[in-house]
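**Student:** Encoded as structure tokens, here's the structure I'll be asking about.
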Amino acid sequence: MRNFTEEQIMFRDSYRKFLETEVKPHMHQWREDGIVPREVFRKAGEQGMLMIWPDEKYGGLGEPDFRYEQIIIEETAKADCVERYNTLHSRLVGPYIYNHGTEEQRERFLPKCVTGEHILAVAMTEPGAGSDLSRLKSRVKDMGDHFVLNGSKTFISNGINADLFVTAAKLEGADSKHAMVLLVLERDMEGVSRGRNLKKMGLRAQDTAELFFDNVKVPKENVLGEPGKGFFMLMEGLAEERLIGACGHLAVGRHAFDITRDYVMERQVFGKALSEQQNTQFKMAEMDAKLDMLQVYVDHLVSEHNQGRLTTNMSAKAKMLGSEIEWEMSDLGVQLHGGHGYMEEYEISTIFTNARISRIYAGSSEIMRYIIGRDIFSQKYKSFLE
């Protein structure tokens with residue numbers, strides 16, 4: 001039994017209705033357009049469904065319980081609206097400003113993020129640096145009363161829509177390869193430019209862009225935390241980022257299971273429903289068990305996170321398994337749909353193409369295995385059952 005409160009159940013119902021009326025009916029057109037309109041962020045903000053965790057003085061509801069975000073992630077997946085990418089704005093990028101910003105920065109940036117007037121993005125990935133942030137080429141130079149930034153970024157989600165970019169760059173002249181600065185770049189800063197909206201295999205409604213920085217003058221008031229400590233600030237957010245990924249992968253996998261189950265119960269093969277074939281039953285039984293078992297672990301991690309006990313190793317396991325099971329289920333779904341599964345008009349086709357990136361972003365499955373393996377053979381290793 002999942003332990004959601006009465007208030008959270010009511011929130012789920014409200015958020016589900018919001019998706020049904022304001023988002024889901026338009027997803028096909030937004031995929032054609034390659035972007036979700038900014039107005040959708042504002043509508044979510046008006047209904048208190050965008051950034052609910054900040055304190056009331058910043059416009060939020062003051063609800064730090066991660067289960068609210070889990071509800072948003074699950075319902076967004078069930079509605080086949082994952083390309084809206086609200087969680088990137090709300091729970092991935094926003095906390096960098098809240099956790100590492102000054103009070104002045106919080107008051108300046110957060111209220112418009114809560115209302116959806118300003119959209120957030122994080123700019124880390126570069127053409128030659130993804131999971132290994134020590135390879136960043138973007139450089140920032142301390143000029144006394146301001147910094148000057150040069151470099152470029154790629155694969156930036158919300159790259160076209162975003163008004164504020166939490167941007168990582170190496171600190172010029174520092175001895176350590178991990179000496180980085182986190183900067184809040186604003187849309188209209190001179191020297192900040194966007195490339196094209198990148199065309200992707202899946203997630204077509206989610207705008208993804210390149211960014212270019214040409215002698216961008218960044219005031220010290222836009223620096224998060226202590227200059228040179230940016231790498232460690234980024235690392236602090238990775239455990240939650242991977243838990244967010246796991247929640248989403250699992251929810252998409254379960255949704256793929258549900259629509260496949262409905263399809264095979266109706267599809268007739270050799271005079272009987274496809275669901276009556278032993279192969280179908282065995283394959284779906286295996287996936288049902290895997291999804292249920294992973295759900296227990298993810299719910300446990302959400303509880304651990306609420307208690308401040310989520311670790312890098314825990315979230316790496318959930319992210320790896322979640323993305324692998326999502327892919328396995330989406331692939332099985334296409335297979336059991338037969339030729340229909342290859343048609344874009346069938347939802348399983350969109351799920352399949354969207355799911356392929358899950359084993360790459362926020363740390364590839366290979367990187368997750370490296371993290372888990374490194375922990376296994378360390379002296380601090382601790383089993384989940386201990």
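**Student:** Could you please let me know if ARG194 is part of a loop (DSSP other than H, G, I, E, B), modelled with pLDDT of 95 or more and either assigned by TED's automatic domain parsing to the domain that holds LYS141 or surrounded by fewer than 23 Cβ atoms within 10 Å (Cβ to Cβ) (or both)?
**Tutor:** no
**Student:** Suppose the filter is touching a residue at least 12 places away in the same chain (Cβ under 8 Å), in the same structural domain as ALA355 (by TED's automatic domain parsing) and closer than 25 Å to ALA168 by Cβ; does GLU236 pass it? It would help to see each step written out before you state the result.
**Tutor:** Details: touching a residue at least 12 places away in the same chain (Cβ under 8 Å): yes; in the same structural domain as ALA355 (by TED's automatic domain parsing): yes; closer than 25 Å to ALA168 by Cβ: yes.
So GLU236 passes the test.
**Student:** Restricting segment 356-383 to residues that are touching a residue at least 40 places away in the same chain (Cβ under 8 Å) and part of a loop (DSSP other than H, G, I, E, B), which is nearest to ASP132 (Cα to Cα)?
**Tutor:** By that ranking, first place goes to GLY363.
**Student:** OK, next. Inspect all residues belonging to segment 63-82 and state whether any of them is closer than 19 Å to GLY159 by Cα and not basic (Lys, Arg).
**Tutor:** Looking for residues that are closer than 19 Å to GLY159 by Cα and not basic (Lys, Arg), one finds at least one in segment 63-82, hence yes.
**Student:** Here are some residues: PHE147, PHE213. Which one is farther than 26 Å from VAL82 by Cα, over 27 Å from the mean Cα position of the chain (by Cα) and buried (at least 21 other Cβ atoms within 10 Å of the Cβ)?
**Tutor:** The match here is PHE147.
**Student:** Quick one: would you say GLU117 is assigned to a helix (DSSP H, G or I), acidic (Asp, Glu) and surrounded by fewer than 21 Cβ atoms within 10 Å (Cβ to Cβ)?
**Tutor:** Here the answer is no, as GLU117 does not meet what is asked.
**Student:** Sticking with this one: What single numbered condition from (1) modelled with pLDDT under 95; (2) closer than 28 Å to ARG204 by Cβ; (3) in the same structural domain as THR167 (by TED's automatic domain parsing) fails to hold for ASN86?
**Tutor:** (3)
**Student:** Which condition number does LYS200 fail, the rest of (1) in contact (Cβ under 8 Å) with a residue 24 or more places away in the chain; (2) closer than 22 Å to TYR96 by Cα being met?
**Tutor:** (2)
**Student:** Does segment 261-285 hold any residues that are of a type outside the set (A, V, I, L, M, F, W, C) and surrounded by 13 or more Cβ atoms within 10 Å (Cβ to Cβ), and which are they?
**Tutor:** Of segment 261-285, the ones of a type outside the set (A, V, I, L, M, F, W, C) are 261-263, 266-268, 271-272, 275-281, 283.
Within segment 261-285, ARG261, TYR263, ARG267, SER275, GLU276, GLN277, THR280, GLN281, LYS283 meet the criteria.
**Student:** So GLY333 fits all but one of (1) surrounded by fewer than 18 Cβ atoms within 10 Å (Cβ to Cβ); (2) in contact (Cβ under 8 Å) with a residue 24 or more places away in the chain; (3) of a type in the set (Gly, Ala, Ser); what number is the exception?
**Tutor:** The number of the failed condition is (1).
**Student:** Can you spot a residue in segment 37-46 that is at positive phi and buried (at least 16 other Cβ atoms within 10 Å of the Cβ)? If you could, list the steps in order and put the result at the bottom.
**Tutor:** Initial filter on segment 37-46 (at positive phi): none.
Looking for residues that are at positive phi and buried (at least 16 other Cβ atoms within 10 Å of the Cβ), one finds none in segment 37-46, hence no.
**Student:** Would you point out the residue of segment 1-45, among those that are small (Gly, Ala, Ser) and within 21 Å of the chain's Cα centre (by Cα), that is farthest from ILE348 (Cα to Cα)?
**Tutor:** GLY45
**Student:** A further question follows. Just for segment 328-355: of the residues that are hydrophobic (A, V, I, L, M, F, W, C) and assigned to a helix (DSSP H, G or I), which one is nearest to SER275 (Cα to Cα)?
**Tutor:** LEU336
**Student:** What is the number of the single condition among (1) out of contact with any Leu (no Cβ under 6 Å at 6 or more places or on another chain); (2) surrounded by 15 or more Cβ atoms within 10 Å (Cβ to Cβ); (3) more than 18 Å from GLU126 (Cβ to Cβ) that LEU224 does not meet?
**Tutor:** Unmet for LEU224, out of (1) out of contact with any Leu (no Cβ under 6 Å at 6 or more places or on another chain); (2) surrounded by 15 or more Cβ atoms within 10 Å (Cβ to Cβ); (3) more than 18 Å from GLU126 (Cβ to Cβ): (1).
**Student:** Now a separate question. Take VAL302 and tell me if it is in a helix (DSSP H, G or I) and either more than 17 Å from the chain's Cα centre (by Cα) or among the acidic types (Asp, Glu) (or both).
**Tutor:** No, not satisfied.
**Student:** When you look at THR102, is it surrounded by fewer than 18 Cβ atoms within 10 Å (Cβ to Cβ) and of a type in the set (S, T, N, Q), yes or no?
**Tutor:** Against the criterion (surrounded by fewer than 18 Cβ atoms within 10 Å (Cβ to Cβ) and of a type in the set (S, T, N, Q)), THR102 qualifies.
The values are calculated or read from the model by the stated rules, or taken from the named source; none is laboratory data. Please read these numbers as outputs of a predicted model, since none were measured by experiment. Because the Cβ atoms are built from the backbone with ideal geometry, glycine has one as well, and the counts that use them run over all protein chains shown.
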